[in-house]
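Only one structure is covered here, and it is reproduced in the block below.
The values are calculated or read from the model by the stated rules, or taken from the named source; none is laboratory data. As the structure is a prediction and not an experimental result, all values here were calculated from the model. Glycine gets a Cβ as well: all are built from the backbone with ideal geometry, and neighbour counts include every protein chain shown. Remember, those area values only see protein heavy atoms, side chains included, never the ligands or the DNA or RNA. Shrake-Rupley method; radii C 1.70, N 1.55, O 1.52, S 1.80 Å.
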Amino acid sequence: MLLLTGGTGFLGGSFYLDAVRNGTAADCLLLIRGADEDACRARLAKNLSRAMDRASAEAAAKLCGILPGDLQSLATSTDPRLDAVTHIAHIAADTSFDSRDSVWQINVDGTLALAARARRMPKLQRFLHIGTAFCCGEAPHLEMVHEATPPGPDAPHIAEYTRSKAAAEHALKAAFPELPLVVARPSIVVGHTTLGVRPSASIFWFFRLLDHTGVLPAEKDGFIDIVPVDWVSARLHDLLRKPDLKHALYHVSAGLGSRTTWDDFAAAFAAEGHDGGTRPYTCFDPKGPEGWRPFDAAFKAKFPKRDVLNRTMAVGARKYHRFVNQDIAFDNARLLAEGFAPPPAFKNYLKVCLDSQRATIAEQFVDDAAAFEFDEALTPATAAA
């Protein structure tokens with residue numbers, strides 16, 4: 001039996017749909033927050049309906065086992081199905097960029113609670129923990145980052161999310177050395193190769209905004225590591241099931257072969273006729289004497305209305321621009337050496353993403369809005385106003 005956390009999220013939902021398609025959904029036990037099993041299945045079906053019609057989503061949601069609760073509740077759960085678990089895919093996470101308590105409660109405390117219960121699972125063969133490639137911190141620049149132990153607690157990070165994921169890896173290694181642990185670190189997960197941004201427009205709004213404003217806080221000869229969710233979820237299944245993995249840590253990333261240079265990024269948007277693109281991009285250094293003024297000016301020119309939505313979007317864009325400023329990609333040689341399929345380049349599925357949802361940048365931003373300040377005032381209706 002496979003215990004899956006995070007099945008009502010973007011990546012976790014894609015992972016579960018892969019199980020539906022390959023006929024293993026009935027062997028899945030999904031940990032989902034909800035008052036009872038019916039409420040949990042309704043949450044799962046709602047998430048899956050972003051990738052398929054409602055009837056198919058409801059049917060898919062009925063195939064798996066459901067364990068109502070959260071990560072912390074596992075410590076006191078007496079459900080006998082947990083003792084039959086052979087594999088764990090721990091995808092649940094709080095991806096907020098804010099310094100809110102839930103980031104640490106879910107990403108660190110919750111992970112350790114799951115690990116403590118996993119220690120008592122007599123049939124457990126593999127515990128696949130999903131981290132993030134950006135647990136490397138903010139320091140690397142213009143590098144191909146290789147798999148390594150995350151930096152310590154004093155390392156600079158752009159977001160509490162990445163800091164907490166680094167802490168979770170350290171804590172797992174220190175407290176549970178006996179677990180059959182494999183860590184997978186996805187890079188920037190954006191879109192789906194056939195569904196585009198129907199399942200989620202998370203981060204894609206920012207790429208459109210970057211092209212729209214035409215300012216880039218990076219080196220012109222730099223690059224970015226982008227991968228589609230369906231490729232990532234398929235590789236997680238591979239890492240979960242292959243019995244003879246050579247390593248216990250893998251980047252699930254674009255790597256050298258599929259990373260996106262900024263020239264390729266701009267050319268891809270131009271080739272698709274992205275509305276309002278401002279090219280060639282103007283590069284600036286946010287740590288230089290002008291600071292963020294080039295971005296602020298370009299943003300205000302394109303989004304002149306100073307309402308809550310636009311102010312929140314500006315906050316979010318600055319955060320993502322700090323990741324862009326690193327100009328890094330993540331080596332995936334370990335993953336490819338296992339014989340797994342390589343990732344597609346972002347430019348090869350950009351058209352699908354642009355064609356899949358006729359929404360404004362601001363409307364697409366709402367998928368990410370909860371990760372940033374001012375979010376309490378934001379709803380889809382706000383974006384449409």
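For the stretch 120-165, a residue qualifies if it is in contact with a Ser or Thr (Cβ under 6 Å, 6 or more places away or on another chain) and open to solvent by 50 Å² or more (accessible area, probe 1.4 Å), and the qualifying residues are K123, Q125. Farther than 30 Å from E363 by Cα, surrounded by fewer than 21 Cβ atoms within 10 Å (Cβ to Cβ) and not basic (K, R): is that true of F176 in this structure? Spelling it out, F176 is indeed farther than 30 Å from E363 by Cα, surrounded by fewer than 21 Cβ atoms within 10 Å (Cβ to Cβ) and not basic (K, R).
Figure legend. Inter-residue proximity from the stretch 26-50: first residues closer than 11 Å to L63 by Cβ, second residues open to solvent by 20 Å² or more (accessible area, probe 1.4 Å) and part of a loop (DSSP other than H, G, I, E, B), beta-carbon distance below 8 Å, spacing 6+ or different chains. Indicated pairs: A26/L63; D27/M1; C28/M1; C28/L63; R41/K62; L44/T8. In the set T213, T162, T132, T193, only one residue is among the hydroxyl-bearing types (S, T, Y), over 18 Å from the mean Cα position of the chain (by Cα) and on the phi < 0 side of the Ramachandran plot; that residue is T213.
The set of residues in the stretch 21-40 that are more than 19 Å from S77 (Cα to Cα) and crowded, with 20+ Cβ neighbours inside 10 Å contains only A25. Quick check on my filter: what residues within the stretch 220-239 are open to solvent by less than 30 Å² (accessible area, probe 1.4 Å) and either modelled with pLDDT under 95 or within 27 Å of H321 (Cβ to Cβ) (or both)? Scanning the stretch 220-239 gives G222, F223, I224, D225, I226, V227, P228, V229, W231, V232. Among residues that are more than 25 Å from T194 (Cα to Cα), part of a helix (DSSP H, G or I) and free of Cβ contacts under 8 Å to residues at least 12 places away in the same chain, D83 is not included. Within the stretch 21-53, the set of residues being in contact with a strand residue (DSSP E or B) (Cβ under 9 Å, 6 or more places away or on another chain) and aliphatic (A, V, I, L, M) comprises A26, L29, L30, L31, I32, A35, A39, L44, A51.
With respect to A60, is the statement that it is over 21 Å from V190 (Cα atoms) and open to solvent by less than 50 Å² (accessible area, probe 1.4 Å) true? So A60 passes the test. Could you list, ordered by first residue, the pairs with Cβ atoms under 8 Å in which the first is in the stretch 139-157 and among the polar types (S, T, N, Q) and the second is in a loop (DSSP other than H, G, I, E, B), at least 6 apart or interchain? Close Cβ pairs satisfying both conditions: none exist.
Look at (1) within 22 Å of the chain's Cα centre (by Cα); (2) in a strand (DSSP E or B) and you find that G110 fails only one, number (2).
Meeting the requirement of 2 or more residues that are open to solvent by 20 Å² or more (accessible area, probe 1.4 Å) and over 21 Å from S233 (Cβ atoms), the helices (runs of 4 or more DSSP H) wholly within the stretch 307-366 are 308-324, 350-356. Scanning the stretch 102-119 for residues that are closer than 16 Å to K165 by Cβ, out of contact with any Ser or Thr (no Cβ under 9 Å at 6 or more places or on another chain) and open to solvent by 20 Å² or more (accessible area, probe 1.4 Å) yields Q105, D109, L112. Name every residue in the stretch 57-72 that is in a helix (DSSP H, G or I) and touching a helix residue (DSSP H, G or I) at 6+ places or on another chain (Cβ under 8 Å), in order of residue number. A57, E58, A60, A61, Q72, listed by residue number. Residue pairs whose Cβ atoms lie under 6 Å apart, sitting 6 or more positions apart in sequence or on different chains, and linking a residue in the stretch 193-209 that is touching a residue at least 24 places away in the same chain (Cβ under 8 Å) to a partner that is assigned to a strand (DSSP E or B), are P199/H192.
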